[in-house]
Structures are given as C-alpha cells and as structure tokens.
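Here the structure is laid out as structure tokens; the discussion comes afterwards.
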Amino acid sequence: MALSGSWPSGVIASRPSRFRAAWKRISDYLELNDWQRRVRREEAYLAQSASLEDLERRMRDLDREDRRPRFIGYF
C-alpha cells in the first residue's frame, strides 16, 4: 500500500507555518503585555517624585537600569 498519493502536498506543508504563525502571535502578545507592564511600573515610579530634582534622579536611575545586562538563569 503506497502512501505517496494519499495526502495532498499542501496539507502537510501548511501545518508548520500555521503553528509558527500562532506561536508568533502568542509571543508578540506576551512581549507587548510585558512591555506595557514595564512602562506602567516606570511611570508609577516617576510619578512618586516630590520635586524636579527627585524626578531627574529617578530618570537617571531608570536609564542606568536599562544599561545593565540582564542575566537570566537559576542559581
């Protein structure tokens, strides 16, 4: 029994691309959600400033934090 003609060639080839597209959409959603949480957290931190000098110091702190390398792992 030969299986060479039992499946249309487009059905098997389209499954990985559908999976990749769905995975990309999920990944993009999570990344956007993470970015939005980060922006809200930073805005709340900056909103707590009591003076212009305090606001500038907090902005410098956030800039310094962005430049630090982020290490991901379990110790």
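The values are calculated or read from the model by the stated rules, or taken from the named source; none is laboratory data. Predicted, not measured: the structure shown is a model, and the values here were computed from it. In case anyone asks, the SASA skips ligands and DNA or RNA and just uses the protein heavy atoms, side chains included. Shrake-Rupley method; radii C 1.70, N 1.55, O 1.52, S 1.80 Å.
Structural remarks
- Heavy-atom accessible area, probed at 1.4 angstrom with all protein chains present, ranks TRP23, TRP35 as TRP23, TRP35, highest first.
- A 1.4 Å probe run over the range 14-58, with the rest of the protein chains in place, finds 90 Å² accessible per residue.
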